[in-house]
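K.L.:
My questions all concern the structure below.
The values are calculated or read from the model by the stated rules, or taken from the named source; none is laboratory data. Since this is a predicted model, take the numbers as computed values, not measurements. For neighbour counting, all protein chains shown are included, and Cβ atoms are generated from backbone atoms with ideal geometry for every residue, glycine included. The protein model used for the area step is the full one, side chains on, heavy atoms only, and it has no ligands, DNA or RNA in it. Shrake-Rupley method; radii C 1.70, N 1.55, O 1.52, S 1.80 Å.
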Amino acid sequence: MRQTDVYAVELTQYRGDGDLRVLVPRIHGEVATAAKSPSGRRATQRTTRADMDTVIQTRLASETRRIATAVLDHAAATGRLEGGTAKYPSMSVYYPVAGRQVPIWTLSLYDNPAKEELAFSFGSITHHLGLEGAAAFAESLPAVPELAKKLEAQREKGYKGWPSVSLSAIAAEPGAVEGILAAIQQLMDGQEASPDRL
C-alpha cells in the first residue's frame, strides 16, 4: 500500500412533495496521503488560509491586499472556506443559502504570470437557486466594468459559467468590494429555494 487517500462522504437529504426524496452526496477532499507514488508525483495539498495570507502580504499592493483580506475574512465569519489543490494558492467559499451550502466564489492568486482574481460560481448558483436566483444575484453585484461585461455574457448563456474579475478592477471602483459582500449577504439573508430544486 504505497499511497492511502482518506475521504469523507456527506449525504444531504432533500424532501419534496409526497414520497419524493433526493440524496445528494458530497465528497470532502483528500485528507491524508501516506506516501508519494513511485512515479514521483507530489501529494495533493490544499491551500490553507495561512498560505493565502502569506501571498497576500508579500505580493499584493495595499488596495488589492485590503480586498483579498476583506473577502476572506467575510467568508471565514459567515461561510466555509475550502482550499484549492492547484499549483497556485486558491480558496473557494460555501455560504449557507436557502438551507444549503452553496459555493459562491473562488479567489485565485496566480503565480505565472502573477494576477489575482475573484471568480463567481454561477453554474452552481443556478443549479441550487434556479435561473431567477442567479439573475437576481448578478443584478445585485456592483457595476465593475470588467465584471459587468462578463455577467452580460452569462445572462445570454443562462448563468452557467465562472465570470471573474481581477482584484485591481475591483480596487478601481470605490466601494466595489463592499458591494460584493453586501450582495453575498443579501443572497444569504433572503434567497428562497427554487421549487424545482427540492
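K.L.:
Going by the structure shown, is LEU23 under 28 Å from LEU129 (Cα atoms), aliphatic (A, V, I, L, M) and at pLDDT below 75?
P.N.:
yes
K.L.:
Could you check, for the range 102-115, whether at least one of its residues is surrounded by fewer than 17 Cβ atoms within 10 Å (Cβ to Cβ), more than 17 Å from the chain's Cα centre (by Cα), under 30 Å from ALA50 (Cβ atoms) and small (Gly, Ala, Ser)?
P.N.:
yes
K.L.:
In the range 125-145, how many residues are open to solvent by 10 Å² or more (accessible area, probe 1.4 Å) and hydrophobic (A, V, I, L, M, F, W, C)?
P.N.:
Final tally of qualifying residues: 5.
K.L.:
Determine which single condition SER92 fails, assuming it passes every other condition in (1) surrounded by fewer than 19 Cβ atoms within 10 Å (Cβ to Cβ); (2) assigned to a strand (DSSP E or B).
P.N.:
Tallying (1) surrounded by fewer than 19 Cβ atoms within 10 Å (Cβ to Cβ); (2) assigned to a strand (DSSP E or B), SER92 fails exactly one: (1).
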